[in-house]
Amino acid sequence: MAFELPPLPWAEDALEPAYSARTVSFHYGKHHKAYVDTLNKLVAGTDLEGKSLEDVIMAVAGKPEKQAVFNNAAQVWNHTFFWNCMKPNGGGAPSGAIAERIEGMGGYEKFVEDFKATAVGRFGSGWAWLVLDNGECKLVSTPNAEMPAAPGVTPLLVVDVWEHAYYLDYQNLRPAFVQAFFDSLVNWDFANENLAKAG
Ligand code: MN3
């Protein structure tokens, strides 16, 4: 069975104006779809065909000869996770267990500044994450298609910092996109769910 592009958790124009329907139509409808289509071509007729997305990622991670499979599979997973990190009328300080964690990281304003610094510090393309690392919340970034996958590390929240994620709405201004993500888009319910599952 081939991999399918998962439906978005909201309508394409539901995140306007912070994240435009035009951006979503390219980012989801072109970029995310292309990763799914390419992955299907790459695994067709191989021993990876029919495996779950997670199993494919685990099977090819760290294998240079399988880099293309890893890149496309990981980008499919990362984007599906990213869409769930945003919601209509999102944004603002969190509540619930994640709020206590962020207090522990110096408070929400510091958290947003530190997240922006993490995003800007990623040279080129990649992802900025809030993770639970062996019980402790941390900010990390990963290059290209990689995700935080070390033992004991669970992704809680991500922002896509590839230029295709923000160029139409924010041009080259990555920090402005990350600020808008936290002001108007972030879905803390999803981060709380991930934290609860990890705990
Ligand atoms: Mn992207």
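List of remarks:
- Screening Val60 against (1) more than 30 Å from Asp13 (Cα to Cα); (2) modelled with pLDDT under 95 leaves a single unmet condition, (2).
- The residues on offer are Thr142, Thr154, and the sole one that is among the polar types (S, T, N, Q) and in contact with a Leu (Cβ under 7 Å, 6 or more places away or on another chain) is Thr154.
- Taking the criterion of being within 17 Å of Tyr28 (Cβ to Cβ) and either more than 16 Å from the ligand (Cβ to nearest atom) or at pLDDT below 95 (or both), the residues of region 63-89 that qualify are Lys87, Pro88.
- Among the residues of region 1-25, the ones that are surrounded by 15 or more Cβ atoms within 10 Å (Cβ to Cβ), under 21 Å from Asn71 (Cα atoms) and over 18 Å from the mean Cα position of the chain (by Cα) come to 1 in all.
- Boolean, Ala93 is in contact with a helix residue (DSSP H, G or I) (Cβ under 9 Å, 6 or more places away or on another chain) and farther than 24 Å from Trp10 by Cα: no
- Counted residues, region 108-147 - those being among the β-branched types (Val, Ile, Thr), more than 15 Å from the chain's Cα centre (by Cα) and open to solvent by 40 Å² or more (accessible area, probe 1.4 Å): 1
- Residues of region 148-181 satisfying the condition of being of a type in the set (Phe, Trp, Tyr) and open to solvent by 50 Å² or more (accessible area, probe 1.4 Å): Trp162, Tyr167
- Qualifying helices (runs of 4 or more DSSP H) (wholly inside region 1-115; at least 1 residues being within 28 Å of Pro151 (Cα to Cα)): 33-43, 53-60, 67-84, 97-104
- Residues in region 26-47 that are open to solvent by 40 Å² or more (accessible area, probe 1.4 Å) and within 20 Å of the chain's Cα centre (by Cα) were compared, and the one that is nearest to the ligand (Cβ to nearest atom) is His31.
- Where a residue in region 135-149 is on the phi > 0 side of the Ramachandran plot and its partner, wherever it lies, is part of a loop (DSSP other than H, G, I, E, B) and of a type outside the set (S, T, N, Q), with Cβ under 8 Å and at least six apart: Asn144/Gly124
The values are calculated or read from the model by the stated rules, or taken from the named source; none is laboratory data. Here the structure is a predicted model, which is why all the values come from computation and not from measurement. Glycine also receives a Cβ, built like all others from the backbone with ideal geometry; neighbour counts cover every protein chain displayed. When the accessible area is computed, the model is the full protein with side chains, heavy atoms only, and any ligands, DNA or RNA have been set aside. Shrake-Rupley method; radii C 1.70, N 1.55, O 1.52, S 1.80 Å.
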